[in-house]
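In what follows, a single structure is set out as structure tokens and then discussed.
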Amino acid sequence: TMADREGSITQMGAQESGEKSVSSSNEISRKMAQVLAMHVVVHPLVLLSTVDHYNRVAKDTKKRVVGILLGTRSRNVVDVTNSFAVPFEEDLKNPSIWYLDHNYLETMYRMYKKVNARENIVGFYSSGPKIKENDIKIDELVRKYNTQGSEELASAPPPAFVIIDVRPENDAIPTTAYASVEEVDESAGGEQKKIRRAFKHISSAIGAYEAEEVGVEHLLRDVNDPTVSTLANQIKHKMTALNTLRAKLAETKHYLELVLTDKLPVNNQIVYNLQEIFNLLPNLNIDSLVTAMLVKTNDMHLAVYCAALVRCIIALHALVNNKITNKSLENSPSTATTEDDSSKNNKDTNPDSSKDASSKRNTQNDSSSAKDQQDPSASKQK
């Protein structure tokens, strides 16, 4: 009958719609797994360009700067080697009002493409320091230039969004990377739930080629104080790392408190990571482990104590040698001056003796001439 046929058709339609929803959810989960596997490597030139952009445009203001990231992709690794600034304005009171000059973006990208054809648009950066409401809209705009030869926009890899913290008081790694993924909006009511894009955190690091490392070391020569010892630098790095760890623990505590009060949904990935961290912590209730840690700590302190003693003795030895050298240098010029004075005195006395010798010679000559004058007179008398 017609009713049976209509019932079978509706059942087939429901089955097809269910299969489509399952396939779409599988596709979304697959893309999300690909995005979470991404790793962003930021090079020093990008950091320097971002700081220069911020100092020129938004220094001592509440504004932020936005630019384009250039680089290459190799599987899941995004290598960000260059960047350029883009004119960007937004209304601080109304976040829905913003402006980004994509004509300037296209012109600059064509110019950079002539210089280095291997560099493509791999994402965009912001001085943050937090994600803003307009960032997902900027991501949608940059995705149009991030196709890299893909025919469809959906098959193109998502652009990397990197927040570069330019604040000088920040001692941690200044980069935080995100990528946009499609997810089902659970807050939307009804049977057909909407799919929206949201940012997911991805791993990031600071990397450099060998030539870049040489340039960075050359720039840091004016920044690092050569009078500070290596031990002081190591202690400073340890303190910075501990302060960063304390800030991360406080942030984790704040997140768990918000989850307990139902202000934030539970993120299973974060809970799994926290559980793994707790599993990796050593069990300090075991006496043998506590004894081993104490012995190891005492040995390390003994080595540090001996090294400090040796360093102090070497410094005292160098001080004594320096005193001896300075004393010898003070005595040597006095002897030289006395020798010079004696030689000068000898020269002063020698002219008198020479005068006496010359006077004696003159008297001898006078006596000989007188004898010669007496001889002729005697001969005449004879």
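The values are calculated or read from the model by the stated rules, or taken from the named source; none is laboratory data. Note that the coordinates shown come from a computational prediction; the quantities given were computed from them, not determined experimentally. Positions of Cβ are generated from backbone atoms using ideal geometry, with glycine treated the same way; all protein chains shown enter the neighbour counts. We work out accessible area using only protein heavy atoms, side chains counted, and drop any ligands, DNA or RNA first. Shrake-Rupley method; radii C 1.70, N 1.55, O 1.52, S 1.80 Å.
Details
- Test: residue in the range 77-98 that is in contact (Cβ under 8 Å) with a residue 60 or more places away in the chain, within 28 Å of Ala208 (Cα to Cα), out of contact with any Cys (no Cβ under 6 Å at 6 or more places or on another chain) and open to solvent by 40 Å² or more (accessible area, probe 1.4 Å): no
- Unmet requirement for Leu281, which otherwise passes all of (1) free of Cβ contacts under 8 Å to residues at least 60 places away in the same chain; (2) touching an Asp or Glu at 6+ places or on another chain (Cβ under 7 Å): (2)
- Counting the residues of the range 100-130 that are open to solvent by 70 Å² or more (accessible area, probe 1.4 Å), within 30 Å of the chain's Cα centre (by Cα) and closer than 22 Å to Arg197 by Cα gives 1.
- Taking the range 235-247 as the range and being surrounded by fewer than 11 Cβ atoms within 10 Å (Cβ to Cβ) and basic (Lys, Arg) as the test, the residues that pass are Lys238, Arg246.
- Test for Leu100: is it of a type in the set (A, V, I, L, M), within 21 Å of Asn146 (Cβ to Cβ), in contact with a strand residue (DSSP E or B) (Cβ under 8 Å, 6 or more places away or on another chain) and at pLDDT below 95: yes
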